[in-house]
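Structure first, commentary second.
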Amino acid sequence: MSITIENLNKRFGDHIALNNINLEVKSGELLALLGPSGCGKTSLLRIIGGLDVADSGSLLFHGENVVERDARERNVGFVFQHYALFRHMTVFENVAFGLRVKPKRERHTEAEIRRRVTHLLELVQLDWIADRYPSQLSGGQRQRIALARALAVEPRILLLDEPFGALDAKVRKELRRWLRHLHDELHITSIFVTHDQEEALEVADRVVVMNQGKIEQVGTPDEVYATPATPFVYQFIGNVNLFHSRIHSAWTQQHGDAVAYVRPHDIDISHTQQDPASLAGEIRLVRAIGAVVRAEVAVAGSDELVEIELSRERFEAQPLVNGDQVFIRPRQVRVFDESVKGSL
Amino acid sequence: MSAQALQRKIATHESRGVTLALILLALTYLILFLGVPLYAVFYQAFSKGWALYWEALKEPDALSAVKLTVIAAAISVPANVVFGVAAAWAIAKFEFKGKSLLITLIDLPFAVSPVVSGLIYVLLFGAQGWFGPWLQAHDIKLIFAVPGIVLATIFVTFPFIARELIPLMQAQGKEEEEAAVSLGASGWQTFWRVTLPNIKWGLLYGVILCNARAMGEFGAVSVVSGHIRGLTNTMPLHVEILYNEYNFVAAFAVASLLALLALVTLGVKSLIEWQARRSGEPLHGTH
């Protein structure tokens, strides 16, 4: 089921949560809404799910306008950050809820409900805790049950609001890999909200980067990382060094007020000056983090610190020590006019 | 260091002497102000033996007072359950203009003296009141009659259930309801299957307190009742009349029923608190 969003607006008092959003979600894809808190991503998700109402604009499911339709009539599965499991029901009854509240003529027999719930619990690998209550489960288990519950009504669209936000780092990583596998099996159009860029880049087919109620960029994980469309995306996804044209005109190769954005791993570092455009500096900090080595270089004659990342291999071929005098040179620069500088 | 010695090191642990003194102080206070009066009620009630006690309760005026008290409670408690749940739901789960005004209004009966609440009804519905002539013209009698007593009881008891439920429902949030709706549940289904089971212990707790107050209310009911024996006397009013007539045995016999009700209320209340703790549902909206 494809989703089309056209000219969607939403305000809360003076705060503009969504500012003229246009977005096309393809059928069967797993889409991430990525952005800092307060950027409007959760509002957008809740409006798609029918839990909030937009001030204006249209929302189409497979070409059909659903703005006037209630949440209960949209056939959308919603997974909440804090699970929202029914605390007084067992795991089994939680998953069965959507099947039990169906109008009588559509309701399945008790045996069929039992069969479906058992199947879903097997799908999320938790059939062995069917009789427990939510308070007896771990966070990861709760979220899997919440997912099984949402899938029970065979939704056409699955919406997940920061589904892994309340879990600790290890469980989060496991669960997002698992979600990716599940999606590859079910192929249900899914949108999940996250503020974690790693999560979005690792799990999603496409990423929508949002900021201050607007969409900054839509693209595959590789596109948004490698070719950010705006300064905001540059700064929000991955680390970046900024160079102002007034000071480093050789780097920006442009006059007037412009800012060059350079990724830490796109900077060459050497002990000898190989290019007249290189900047001289001094190593202030060297830190090896797994496969990469991070170094901070203080540019000579200013108080700027430049962050540099190099592979362990390269680091071992050319060791760096605090206090070394070095020259740095960018391999890849992206220049934006000062006036469009992104704000975080 | 032994475990006991270690425990004494914990900052919030006081020495045995201080603990004992505090417990003793609290106990003495309780016995003096609660235990002794309670004992006195039962002692006086039975001072002339079982036969007279029984005689006092079985007397027609006493029976009618018990009946009227039960009627007033039987109407006001369900009315306040409906109102309390509706108000708490509206306040906890929705945003609307005038919400804080509604919360203040719910607290009003706690803030004004019961006698004043009774007077308000007399001023509104009494013979000289605003609606008095209209009511008389239509031959409806509210003041100095049973409906007035029920109205006054509803007024003084309506904060109990709403006040109990508002913080509880606010703490629970509305995510479970949203989940239910997104799974296709209707408003009624959401209420019966999700909201109500989540608040059942808190609701029961509120009902118990509301009932105790409805049966024990004196001030407001006294103003609107008119003290007509056998007709508009509730149990507390009946106790007062008997006492003023120096009929101490009868007065304390009826009072002992009210005291018994209080003891039962306390018992049920502890039972509910214990059950709620066991089922993991916080009673007072705290996590």
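The values are calculated or read from the model by the stated rules, or taken from the named source; none is laboratory data. Keep in mind it's a predicted model, so treat the numbers as computed, not measured. With ideal geometry, Cβ positions are generated from the backbone for all residues, glycine too; neighbour counts draw on all protein chains shown. For accessibility, only protein heavy atoms count, side chains too; no ligands or nucleic acids. Shrake-Rupley method; radii C 1.70, N 1.55, O 1.52, S 1.80 Å.
Observations on the model:
- Across peptide B:172-181, the mean count of Cβ atoms from other chains lying within 10 Å of each residue's own Cβ comes to 6.
- Cα long-axis angle, helix A:139-152 against chain A (0 to 90 degrees, to the nearest 10): 50
- Debye equation applied to the C-alpha atoms of chain B, log10 I(q)/I(0) at 0.08, 0.12, 0.16 Å⁻¹: -0.49, -0.95, -1.25
- Interchain or long-range residues, amide H under 5 Å from residue A:217's placed H: A:209
- Taking the DSSP beta bridges with both ends in the protein assembly as shown, the antiparallel portion is around 75 percent.
- Charge tally in the Cβ shell below 14 Å around residue B:258, where Lys, Arg are +1 and Asp, Glu are -1, residue B:258 excluded: -1
- The relative contact order of chain A, computed from alpha carbon pairs under 8 Å that lie at least 6 residues apart in sequence, is 17 percent.
- Under 14 Å, Cβ to Cβ, from residue A:176 - net charge with Lys/Arg +1 and Asp/Glu -1: -3
- Shape call, segment A:31-117: gyration tensor on alpha carbons, a/c limit 1.5: oblate
- Scalar couplings 3J(HN,Hα) for segment B:130-140, obtained by applying the Karplus form with A = 6.51, B = -1.76, C = 1.60 to θ = phi - 60°, are 4, 9, x, x, 4, 5, 5, 4, 9, 6, 10 Hz; x denotes Gly and Pro.
- Computed on chain B, with alpha-carbon pairs under 8 angstrom and 6+ residues apart, the relative contact order is 29 percent.
- ³J(HN,Hα) computed for each position of segment B:38-51 - Karplus, 6.51 cos²θ - 1.76 cosθ + 1.60, integer Hz, glycine/proline x: 4, 4, 4, 4, 5, 4, 5, 4, 9, 4, 9, x, 4, 4
- Peptides B:194-201, A:276-283 ranked from most to least packed give B:194-201, A:276-283, packing being the mean of other C-beta atoms within 10 angstrom over each peptide's residues.
- Counting only protein heavy atoms and a 1.4 Å probe, segment B:161-274 has 39 square angstrom of accessible area per residue.
- Within segment A:37-96, GluC sites (Glu not before Pro) in DSSP loop having at most 15 other beta-carbon neighbours inside 10 Å: A:68
- Put simply, chains A and B cover up around 1900 Å² of each other's accessible surface, both sides summed, when a 1.4 Å probe is used.
- List of segment A:87-109 residues, accessible area with partners at least 40 Å² below that of the chain alone (1.4 Å probe): A:87, A:88, A:97, A:101
- Pairs from A:26/A:214; A:173/B:93; A:10/B:174; A:41/B:200 whose Cα-Cα separation, in the structure shown, is over 29 Å: A:173/B:93; A:41/B:200
- Take each residue of peptide B:192-199, count the partner chain Cβ atoms within 10 Å of its Cβ, and average: the result is 3.
- Rounded to 10°, Cα long-axis angle of helix A:91-100 versus longest principal axis of chain A: 70
- Heavy-atom accessible surface of segment A:16-142: percent carbon and sulfur, 1.4 Å: 46
- The distance between label points at residue A:2 and residue A:118 comes to 4.1 nm (points 7 Å beyond Cα on the Cα→Cβ vector).
- Each residue of segment A:211-228 is assigned a 3J(HN,Hα), and the resulting list reads 8, 6, x, 10, 8, 8, 7, 10, x, 5, x, 5, 4, 5, 7, 7, 10, x Hz, derived from the Karplus form 6.51 cos²θ - 1.76 cosθ + 1.60 (θ = phi - 60°), x at Gly and Pro.
- Amide H to amide H distances under 5 Å link residue A:78 with A:159, where only residues 5 or more positions off or on other chains count and H is placed in the peptide plane.
- Per the Debye formula on identical point scatterers at the alpha carbon atoms of chain A, with no solvent, log10 I(q)/I(0) at q = 0.09, 0.10, 0.12 Å⁻¹ is -0.62, -0.72, -0.92.
- Other protein chain Cβ atoms within 10 Å, averaged over every residue that makes up A:50-59: 1
- Lys/Arg +1, Asp/Glu -1 at C-beta; the protein assembly as shown dipole; positive extreme among A:9, A:158, B:220: B:220
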